[in-house]
Amino acid sequence: MPPKAMGKGKQAGASDISRRRTTRMRDGDDMTDIGDGTENDDWMHSKALVKPDDQLDLSEQQLKEEFTRILTANNPHAPQNIVRYSFKERQYKQISSVDQLAIHFALDGNMLHKDSDEARRQMAKLGMPDGEATGLSLISQAVQSEHAGSEGGEGAGAGAAEGEDQQKEESSSPVNEQTELEQEPILELGKDEGREDAATPAPAAAAGGKKLTNQFNYSERASQTYNNPYRERGTATEPPPRATFSGNVTQWEIFDAYNEDFEKQEKNKEKKVVPGRQAEEKTRKKLTITETQSDDVTRIQNAAQIVERMVNQNTYDDIAQDFKYWDDPSDEYRENEGTLLPLWRFTFEKAKKLAVTSLCWNPKYKDLFAVSFGSYDFMKQGNGMILFYSLKNPSFPEFIYETDSGLMCLDVHPEHPYLVVVGFYDGSVGVFNVERKEPVHRCTAKNGKHTDPVWQVRWQKDDLENNHNFYSISSDGRIVQWTIIKNELIYQDVIQLTLPEAPAEGPDGTKVSTVGCGTAFDFHRSNDYMFLVGTEEGKIHTCSKAYSSQFLDTNLAHNMAVYQVRWNPWHPNIYITCSADWSVKIWEVSDKTTVDTNSENTENVSTRKPLFHFDLNNSVGDVAWAPYSSTVFAAVTADGKVFVYDLNVNKYEPLCEQMVAVKKKTKLTHIEFNPVYPIIIVGDDRGNVTSLKLSPNLKKMPKEKKGQPAMDPAQREALEQAKLDKLLNMVRDPPADVSKAPAATEKK
Amino acid sequence: MATDVEETLKRIQAHKGVIGIIVVNAEGIPIRTSLDNSTTVQYANLLTNLTMKARSVVRDIDPQNDLTFLRVRSKKHEILVAPEKDYLLITIQNPSET
């Protein structure tokens, strides 16, 4: 249809149909469409109105009516009311505004913003220099650096570019802090972009050949939410206290742990067994507490003792070596001669004025000996001392006890080495316990104290009630037995040494019975009830504990006081005596005196001859048998000499006669053999104790045959006895021939 | 008791040839000495280690055994160490002094 006709036809409708063509004012004239005139010229022959048949007939007025046509931008194809279901409100809702956009034509263009990525890349590719640093927007800069960062290892140039970029970034960042915050979110964006653009070529800040791997141009669209600024919040806790813990595990630590565990178990057992002793345990606990609180220095007491001994050993090293190992080799060439090698000398400051009155080796500890100090001088009586020395520490005694009265004798209990009995010059006796400072017992005047110095004391075996007891002998003529019953000393006179003479008459006619003065005694080693007593008159009494008034036998042994009497350790019937009359004599107990009830015995003093008789040229202070041989003995004299005899070797001459005292005019007072080591200790009247080692010739012991087991004590005893018997047979009186006795026993 | 130990230590110190003595406690700190400070500290540290090692040797061989004392003899002098339960008593002596 021709456009003109169409226009007219629609006119009549007055609808809202939008038109694209602008409306034209319709004149009354014919509309001549000049624009389209050329096109309409073809089929428009005349200007006559052609009125179709179905055209509306309108009046003139109606025809002049003006109708306004408005062209809007509304899309005629777009629906006017769109209703959508809203799930939220669960109803259909009309969409208020409908999109009116109608795209008639779309054409993608290829123009780039000069600051966009792609533009830059292209510019770089073309070799155009990059814009100035200041000209760069921060946004793109950040993105760029992110790109550079995400594609590491592109090339040296890229790396440098990256560095440069970052530097630029850093230089600009302090300038503009605000943008930094923006930068961060943008950086993240850039990162995302970077990941997406991983394939895209790296931005080239500086010139240089770039490897463009992908020519595609990506455009991205992203939106950024607001990122909250980050704030770091942290708390720091106090670090837990640390301690380094380290442990060693060694075999002995395991052993110690087991031991402790074992002890605990034992204690638990004990606790179960004795639940009633809680009080004791409490006191024990208190003790232990005080111990641990005590001074640090006391803890090292043992160590100090050990170190003192070590130091002494170092100082007296040569002596210690001699003691252990030296054997005089020249003894091989000198038969019948021996020497005494001086070892240590034990002195003590406070004892220098005192004389050694007794020596005793400790039965348990073979290197410990006890020395008692006093004075033999009647006029000069002072205090006394007991010192315990150990060979391991020659410079200082182990224990020191001071007493007010001089001590004359001392004995260590064989079974209880801590108990020491002493006899005082004032006639009393005392018992010391080494573990304590004070004497345990001390007898008093009422309690049986002697009226004269006690010359010898000796422990006995515990009696039937297991009480300790000991004997003492004194110049007042009494031999007293003391028993310790319930911490008290109880005495009992055993024997009174009566003189055979008739009681002398005192000045006013009363008869004063004189008693002998006992100076020494010794108990038989196997027959405990039999003992020998030496007196000041020179007599030796053989007594028995059973007989309190009579002696078994009396022997006029010496002319002067008997200082020591000792049984032979091996032979049951032999004893030795020494006296102030310069002689040492060896006796045998004759058979007829062992069982004697003769009441006349006291008068019938036997004038037996000694088996052996030695003259030592000065008052003999002490004599002692050697423990290792039945034929060896030693004696000390007042002129400072020690004599050692071995009857097996030489019956008449000493093997060794040696001056031991340092200064002249020192008398040697006592001598003792060590039961184990081949040494003797000698005490003098200046408070010195000297130890000497016996040379091999002096300590000849029976040789054991090779291959045979060691001799047991019984065998040894038999051997020793046989040895002595052989000797004795030579000197003994033949039993039948009494008349020939003087001639036969002539010293030869 | 304390005086006895004190006297013993004094005697040792006064003994012929003894150069000095040091008492070291359980933590290795010298609590008593007769030498100067630096020497003391040196001796204490070195000898504590040596003593522990020596004790460990003795006890490793036989756990029932224990170290009684330790002597280190050198050209110039001898060091004597006596360990006590956690304590150590060190003495330096010149044995050849006459």
Considering residues of the stretch B:50-67 that are facing another protein chain (nearest Cβ under 10 Å) and touching a helix residue (DSSP H, G or I) at 6+ places or on another chain (Cβ under 8 Å) only, the residue surrounded by the fewest Cβ atoms within 10 Å (Cβ to Cβ): B:64
Residue among A:620, A:649 that is closer than 18 Å to residue A:563 by Cβ and among the aliphatic types (A, V, I, L, M): A:620
Flag for residue A:383 being touching a residue at least 12 places away in the same chain (Cβ under 8 Å) and in contact with a helix residue (DSSP H, G or I) (Cβ under 6 Å, 6 or more places away or on another chain): no
Members of the stretch A:314-329 found to be more than 10 Å from chain B (Cβ to nearest Cβ) and either closer than 13 Å to residue A:693 by Cα or surrounded by 12 or more Cβ atoms within 10 Å (Cβ to Cβ) (or both), listed by number: A:319, A:320, A:321, A:322, A:323, A:324, A:325, A:326, A:327, A:328
When residues of the stretch B:30-44 are limited to those that are among the β-branched types (Val, Ile, Thr) and within 13 Å of chain A (Cβ to nearest Cβ), the one farthest from residue A:310 (Cα to Cα): B:31
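Could you count how many residues in the stretch A:254-263 are at the interface with chain B (Cβ under 8 Å from one of its Cβ atoms) and charged (D, E, K, R)? Steps first, please.
At the first step, the residues of the stretch A:254-263 found to be at the interface with chain B (Cβ under 8 Å from one of its Cβ atoms) are A:254-256.
Pick out the ones that are also charged (D, E, K, R) and you get A:256.
Here the count works out to 1.
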Residue A:658, sole failed condition from (1) surrounded by fewer than 18 Cβ atoms within 10 Å (Cβ to Cβ); (2) assigned to a loop (DSSP other than H, G, I, E, B); (3) among the polar types (S, T, N, Q): (2)
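Only one of B:80, B:89, B:70, B:47 is crowded, with 19+ Cβ neighbours inside 10 Å, within 16 Å of residue A:309 (Cβ to Cβ) and more than 8 Å from chain A (Cβ to nearest Cβ); which? Break it down into steps so the answer makes sense when it comes.
Details: B:80 fails: more than 8 Å from chain A (Cβ to nearest Cβ); B:89 fails: more than 8 Å from chain A (Cβ to nearest Cβ); B:47 fails: within 16 Å of residue A:309 (Cβ to Cβ).
Going through B:80, B:89, B:70, B:47 in turn, the sole match is B:70.
Name every residue in the stretch A:53-84 that is closer than 24 Å to residue A:101 by Cα and of a type in the set (Gly, Ala, Ser), in order of residue number. Write out each step before concluding.
Going through the stretch A:53-84, the residues closer than 24 Å to residue A:101 by Cα turn out to be A:69-84.
The answer is A:73, A:78.
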Residues that are touching a strand residue (DSSP E or B) at 6+ places or on another chain (Cβ under 8 Å), over 19 Å from residue A:576 (Cα atoms) and of a type in the set (Gly, Ala, Ser), drawn from the stretch A:538-554: A:548, A:549
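For the subset of the stretch B:1-29 comprising residues that are among the charged types (D, E, K, R) and either over 23 Å from residue A:317 (Cα atoms) or more than 7 Å from chain A (Cβ to nearest Cβ) (or both), which member is surrounded by the most Cβ atoms within 10 Å (Cβ to Cβ)? Let's see the steps before the verdict.
Residues of the stretch B:1-29 that are among the charged types (D, E, K, R), as a first pass: B:4, B:6-7, B:10-11, B:16, B:27.
Then keep just the ones that are either over 23 Å from residue A:317 (Cα atoms) or more than 7 Å from chain A (Cβ to nearest Cβ) (or both); that gives B:4, B:6-7, B:10, B:27.
Values: B:4: 13, B:6: 15, B:7: 12, B:10: 12, B:27: 8.
Going through the qualifying residues, I end up with B:6.
Would it be correct to say that residue A:319 is modelled with pLDDT of 80 or more and in contact with a Pro (Cβ under 9 Å, 6 or more places away or on another chain)? Show your work before the answer.
Details: modelled with pLDDT of 80 or more: yes; in contact with a Pro (Cβ under 9 Å, 6 or more places away or on another chain): yes.
Yes: the conditions hold for residue A:319.
Name the single residue that is farthest from residue A:687 (Cα to Cα) among those in the stretch A:385-407 being under 34 Å from the mean Cα position of the chain (by Cα) and part of a loop (DSSP other than H, G, I, E, B). I'd like the intermediate steps shown before the answer.
Of the stretch A:385-407, the ones under 34 Å from the mean Cα position of the chain (by Cα) are A:388-400.
Checking which are part of a loop (DSSP other than H, G, I, E, B) leaves us with A:391-392, A:394-398.
Working: A:391: 17, A:392: 19, A:394: 14, A:395: 14, A:396: 14, A:397: 13, A:398: 16 Å.
Selected residue: A:392.
Out of all the residues in the stretch A:325-384, which are more than 25 Å from residue A:657 (Cβ to Cβ), under 38 Å from the mean Cα position of the chain (by Cα) and outside any loop (DSSP other than H, G, I, E, B)? Working first, answer last.
Start the filter on the stretch A:325-384 by keeping residues that are more than 25 Å from residue A:657 (Cβ to Cβ), which leaves A:325, A:348-354, A:360, A:362-368, A:370, A:372-375, A:377-384.
Those left that are additionally under 38 Å from the mean Cα position of the chain (by Cα): A:325, A:348, A:362-368, A:370.
Of everything in the stretch A:325-384, those that are more than 25 Å from residue A:657 (Cβ to Cβ), under 38 Å from the mean Cα position of the chain (by Cα) and outside any loop (DSSP other than H, G, I, E, B) turn out to be A:325, A:368, A:370.
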Subset of the stretch A:539-568 [surrounded by fewer than 18 Cβ atoms within 10 Å (Cβ to Cβ) and either hydrophobic (A, V, I, L, M, F, W, C) or under 21 Å from residue A:628 (Cβ atoms) (or both)]: A:546, A:556, A:560
Conditions (1) modelled with pLDDT of 90 or more; (2) within 14 Å of another protein chain (Cβ to nearest Cβ); number of the one not met by residue A:266: (2)
Pairs, first farther than 19 Å from residue A:301 by Cα in the stretch B:75-98, second of a type in the set (D, E, K, R) and not in a loop (DSSP other than H, G, I, E, B), C-beta under 6 Å, six or more apart: B:93/B:78; B:95/B:78
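The values are calculated or read from the model by the stated rules, or taken from the named source; none is laboratory data. These figures come from a predicted structure and were not determined experimentally. Neighbour counts are summed over all protein chains in view; Cβ atoms, including those assigned to glycine, are modelled from backbone coordinates with ideal geometry.
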